[in-house]
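The values are calculated or read from the model by the stated rules, or taken from the named source; none is laboratory data. On a predicted model such as this, the values are computed, not experimentally measured, just so you know. Glycine gets a Cβ as well: all are built from the backbone with ideal geometry, and neighbour counts include every protein chain shown.
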Amino acid sequence: MMTTEPADLPALARAAVEDGIARYFADRQARVRPFVDRHFSLGGSLALHRAALGADVLRAPANLVLAGPHAALQAAGLLAGKLRAGRLAGALRGRGLLLRTDVARETEWL
């Protein structure tokens, strides 16, 4: 039994891939408006910021105080990297002084 192949198989494959890509992005585009309405409207913003009313009331001011030392630590890590002290650079840049807020946790999954 003989099978016949299309004369221009690479063009057919390319067209199939391009069609798949177009459908994928059209589906993603259709999801944008509902996502924006759900999370970035007044109601969505209020729901998100409800998380800020807990321990974040204390974490946010602490992060303001820690911002300077955190930036200095990151700059020291960058400088150590320029001086080819790779292990020290990695150790310094890998440290974070800022406290993780509930609002940050909530927005990460969006």
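Of the numbered criteria (1) farther than 14 Å from Thr107 by Cβ; (2) surrounded by 11 or more Cβ atoms within 10 Å (Cβ to Cβ), the one Val32 fails is (2). Sub-8 Å Cβ pairs linking a first residue in the range 41-60 that is in contact (Cβ under 8 Å) with a residue 40 or more places away in the chain to a second residue that is surrounded by 13 or more Cβ atoms within 10 Å (Cβ to Cβ) and assigned to a loop (DSSP other than H, G, I, E, B), at least 6 apart or interchain, are Ala51/Thr101; Ala52/Thr101; Asp56/Thr101; Arg59/Leu99; Arg59/Thr101; Ala60/Thr101, ordered by first then second residue. Contact map, the range 1-21: residues that are assigned to a loop (DSSP other than H, G, I, E, B) paired with residues that are modelled with pLDDT of 90 or more, Cβ distance under 8 Å, separation 6+ or inter-chain. Pairs shown: Pro6/Leu12.
Hand me the list of helices (runs of 4 or more DSSP H) wholly inside the range 48-110 holding 3 or more residues that are among the acidic types (Asp, Glu), at pLDDT below 95 and closer than 30 Å to Asp37 by Cβ.
Values: elements: 56-82, 86-93, 102-108.
By residue number, 102-108.
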